Amino acid sequence: MENETLTSSSNHLEQAPPPKPPPKRFIKNQIPQSILNDPSLNAAISLLPSNYDFEVHKSVHRVLSSGARRVTLQFPDGLLMYSLPISDILRSFASVDDVLVLADPTYGACCLDDLAASALGSDSSSTTAIAASSPSTSPPSPPYTSSLRSSKPLSAGEVLGCTAPTIGRSKLIDAVVFVADGRFHLEAFMIANPSIKAYRYDPYLGRLFLESYDHEGMKEVRKCAILKARKASNWGVVFGTLGRQGNAGILGRLTARMEERGIDPMVVMMSEISPTRMELFGDSVDAWVQIACPRLSIDWGDAFEKPMLTPFEAEIALGFIKGWWEKEMMPSCMDMIKEGEGCGKDSCNCSCGRVDGETDYPMDYYAQDGGEWNSAYARKSASVQRRPRLRAR
């Protein structure tokens, strides 16, 4: 009998529960053909430079789908000149009443000032990004293979200025080719992979460059800053307010670490950190830790009069982890090092690194598997023992 079942505990028929609905499928936010093939919209987009992908079709679709009437735009300095044409496009094709343009620059997704957009009463905010070329979905041709792992939540091969995947030493990988018109993001990859040769292909110039990075020089400068900070009596913490660079979780963990060492830090909120602004504090602070962009310390740290550490470097200065120069080479690891490998053991406390070929200066500030100094860090809770399911007879 349909939708009925006979139970063994009784002799009467019992109505079976209704079948569970099928799981909802994840539907990608596909742009309708009516927007992609709109001749008037495409004509307006053609007036913008063709070597940039402003994702206008996507923006129009998102605004129309959300029903936003007031939209905020934010651009890098070099693209701010195109803010007015894009504003006109949104007014004409996305039924937008007001388009607000933030003059504060954005250096990436971490600088998107969505809080300011919300305070201005915006229904939607958008950061204009640059795409030099569309990603290829076809697999590489032989004899090339795709070997890059992802540094989650980033996709495979994706690199930020503060986060890059670590490839490690491998006989399959001799070099990588990085497609970009600048070195900023590539430098993050080179810091994370000091043993991998890096080439940069500039799609605008159509030229291939062999790039290098002064690992020893960078580490020596950062080592001096850390050693100087260890002698500091008064500490300060700069919480970056430019977009979402600052992270309250890091601030809480860092101040708690300092309190364990008997330090009562002064917390300062600042949108853009510069040597000139930091000099205004004079001698009231002996060492700073900035929770904004780690590249401020790595690239321009020697321009600051007082040590300007990253949260990772602060962990070393406070004595919670050892610096890369303080790790000793264990005798058991010498043979591995000669073979170009590392022991890969945290407990060994050697200078081989946590993973074979991994750098001892991590670039994992946005990686889910990074250390306590990064923005995505969360302690893994103990697994909950699930009760076995009971089946009705």
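Could you tally the net charge around Leu242, taking each other residue with its Cβ under 10 Å from the Cβ of Leu242, Lys/Arg +1 and Asp/Glu -1? Each step should come with its number before you reach the end.
Working: positive: Arg244; negative: Asp104, Asp113, Glu272.
Around Leu242, the surrounding residues sum to -2.
Tabulate in residue order the Karplus-calculated ³J(HN,Hα) for the range 303-319, using 6.51 cos²θ - 1.76 cosθ + 1.60 with θ = phi - 60°, rounded to whole Hz; enter x for Gly and Pro.
So the Karplus estimates, Gly and Pro as x, are 7, 8, 5, 9, x, 10, 8, 8, x, 5, 5, 5, 4, 6, 4, 7, x Hz.
Along the range 44-51, what does the Karplus equation 6.51 cos²θ - 1.76 cosθ + 1.60 (θ = phi - 60°) give for ³J(HN,Hα), rounded to whole Hz, x for Gly and Pro?
5, 5, 5, 6, 7, x, 6, 7
Compute the signed sum of charges (Lys and Arg +1, Asp and Glu -1) over the other residues within less than 14 Å, Cβ to Cβ, of Phe281.
Numbers: positive: Arg277, Lys306; negative: Glu279, Asp283, Asp286, Glu305.
Value of the local net charge: -2.
Antiparallel DSSP bridges in the range 149-213: what percent, to the nearest 5? Don't skip to the end; give the middle numbers.
Numbers: 6 of 11 bridges.
Counting only bridges with both partners in the range 149-213, antiparallel ones make up about 55 percent.
Rank these for me by crowding, Val176, Val63, going from fewest to most other beta carbons within 10 Å.
Details: Val176 18, Val63 21.
The most exposed by this proxy come first: Val176, Val63.
Can you give me the long-range amide H partners of Val268? Hydrogens built in the peptide plane at 1.01 Å from N, cutoff under 5 Å, separation of 5 or more residues or another chain.
Val237, Val238, Phe239
Amide H neighbours of Tyr201 under 5 Å, at least 5 residues apart or on other chains, H built in the peptide plane: list them.
The list, which skips near neighbours in sequence, is Phe178, Val179, Ala180, Phe209.
Mind putting a number on the dipole of the range 215-317 about its Cα centre? Charges go on the C-beta only, +1 for Lys and Arg and -1 for Asp and Glu, and I need it in Debye to the nearest 20.
Numbers: 13 positive and 14 negative charges, 46 e Å.
Around 220 debye, computed over the range 215-317.
Would you mind ranking Thr106, Thr163, Thr255 so that the residue whose beta carbon has the fewest other beta carbons within 10 Å leads the list?
On the way: Thr106 22, Thr163 25, Thr255 17.
Ranked by crowding around the Cβ, least crowded first: Thr255, Thr106, Thr163.
Checking the table Lys152/Lys327; Lys228/Lys306; Lys223/Lys322; Lys197/Lys322; Lys231/Lys327 against a 18 Å threshold on Cα-Cα, which pairs fail? The partial results should precede the final answer.
Details: Lys152/Lys327 28 Å; Lys228/Lys306 9 Å; Lys223/Lys322 11 Å; Lys197/Lys322 28 Å; Lys231/Lys327 21 Å.
Beyond 18 Å between Cα atoms: Lys152/Lys327; Lys197/Lys322; Lys231/Lys327.
Determine the sum of side-chain charges near Leu208: Lys and Arg each +1, Asp and Glu each -1, restricted to other residues whose C-beta is under 13 angstrom from that of Leu208.
On the way: positive: Lys197, Arg200, Arg207; negative: Asp181, Asp202, Glu211.
With Lys, Arg at +1 and Asp, Glu at -1, the net is 0.
Since every read-out is calculated from the coordinates, none of them should be taken as a lab result. Computed from a prediction, not measured in an experiment: that's the story for all the values here. Positions of Cβ are backbone-derived with ideal geometry, glycine not excepted, and every protein chain shown enters the neighbour counts.
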